[in-house]
Amino acid sequence: MLAILHLLRSLLADLFKSRSRLEAENLFLRHQLNIALRRAPPRLRLRGSDRALMVWLVRLWPSLLSTAQVVQADTILHCHRAGVRAYWRWKTRGRAGRPRIDRSLRELIQRISRENPLWGASRIHGELLMLGFEVAQSTVSKYMCRGGNPPSQSWKTFLRNHADAIAAVDLFVVRTLAFDLLFVFVVLGHSRRQLLWLEITRRPTAEWLARQITAAFPWASAPAYLVRDNDRAYGQVFTARVRAMGIRDRPIAPASPWQNGIAERLIGTLRRECLDQIVIFGEAHLRRILSAYAAYYNRARPHLALQKDAPSRRAVQRVGCIVAIPVLAGLHHQYVRI
């Protein structure tokens, strides 16, 4: 700004000078400029006021563009274009236009597109309309996540989609007060981790196991696949019965209990929460204990794999007084509202 004021003062003073004096002064200033440019750096740093003054003078007298020595002609034109852009940005500030999309809505569009890689902009747009968002489909297409081929589904999703067709069976041993061995046969559905069948015997033969499979899956409720241990107790009679029911028998590899992990986890839960806390007197006592715990397990016990719901889908209660119902004489409790 001071440079512009100094230039205006010099312009007023030159109005009272003779033409010969102005020509001589102009020649002398040009010579001083040449001397200064000899020792100047390759690129001079200009201030904003310097650029504005040069652009203003060239606009008034375009012929001065050919006499520029400190900068090139393209530099002055570039400064002029930048000034025009800055002027129109200032003039059009705060004007009405397309409304801005809220950040939370942009994040929601990206989240839906990530969670549903097979959905297009039209599908996401319809979902947003059902959620009460007034947004154009072109906006959804702009902010949705882009990628090449849709990513593969996770193994967790794949297994959950096939869990309804899978059941698992297993045997475990319980020792009584008299050191007798009782064998407990359990049948578990993979879809809701539900304990479908439970029976006790002293000698688990193949014929007995075949009868238990028939009792566990009456009529048309048999699963498509049955996962079991590679035990010699499952003989030819058992496999023939399973095949006759339309079930595909899938024994696990020898010494690989992790391949039947859901059934093994159920057995561990039965031991930790029930059998390890009680001394079993006999077969009838064990049947009563396991029947009571199985009802609690299916109807009330929360499971992490089911988002802390029970296998039989426990209803949420919000009204009423909370009452504790003892299970196994108070070893566990079920809480309900009445």
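The figures follow:
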{"item": "Simple Cβ-charge dipole of the range 103-143, Lys/Arg +1 and Asp/Glu -1, about Cα centre, in debye nearest 20", "result": "160 debye"}
{"item": "Per-residue ³J(HN,Hα) for the range 216-229, Karplus 6.51 cos²θ - 1.76 cosθ + 1.60, θ = phi - 60°, Hz, x for Gly and Pro", "result": "6, 10, x, 6, 9, 9, 5, x, 7, 10, 10, 9, 8, 6"}
{"item": "Theoretical gain in end-to-end length, ARG203 to THR176 [0.36 nm per residue, Cα-Cα removed]", "result": "8.2 nm"}
{"item": "Residue among GLN277, PHE185, ALA295 farthest towards the positive dipole end of the range 166-337, charges placed on Cβ", "result": "ALA295"}
{"item": "Hz values of 3J(HN,Hα) by residue in the range 140-146 - Karplus curve (6.51, -1.76, 1.60), Gly and Pro given as x", "result": "4, 5, 6, 9, 6, 5, 9"}
{"item": "Proximal charge balance of MET144 [Cβ under 12 Å; K/R count +1, D/E count -1]", "result": "+3"}
{"item": "Estimated inter-spin distance, ALA165 and ARG250, nm [label 7 Å along Cα→Cβ]", "result": "0.9 nm"}
{"item": "Long-range amide H partners of LEU196 with built H, under 5 Å", "result": "VAL187, LEU188, GLY189"}
{"item": "Gain upon complete extension [CYS145, LYS308; 0.36 nm per residue less C-alpha separation]", "result": "55.5 nm"}
{"item": "Length gained when the stretch ASP276-ALA82 is fully extended (0.36 nm per residue, less Cα-Cα span)", "result": "61.6 nm"}
{"item": "5 angstrom amide H check on ALA233, placed H, neighbours 5+ away", "result": "none"}
{"item": "Packing-based ranking, highest mean first, of 164-175, 121-132 given that Cβ atoms within 10 Å are counted", "result": "164-175, 121-132"}
{"item": "Net charge over other residues, Cβ less than 10 angstrom from the Cβ of ARG313 (K, R count +1; D, E count -1)", "result": "+2"}
{"item": "Charge context of ILE247, other residues only, Cβ under 13 angstrom, K/R +1, D/E -1", "result": "+4"}
{"item": "Karplus-derived 3J(HN,Hα), 6.51/-1.76/1.60, for each residue of the range 318-325, Hz, glycine and proline x", "result": "10, 10, x, 7, 7, 10, 9, 9"}
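Since every read-out is calculated from the coordinates, none of them should be taken as a lab result. Since we're looking at a predicted model, the values are computed, not measured. Glycine also receives a Cβ, built like all others from the backbone with ideal geometry; neighbour counts cover every protein chain displayed.
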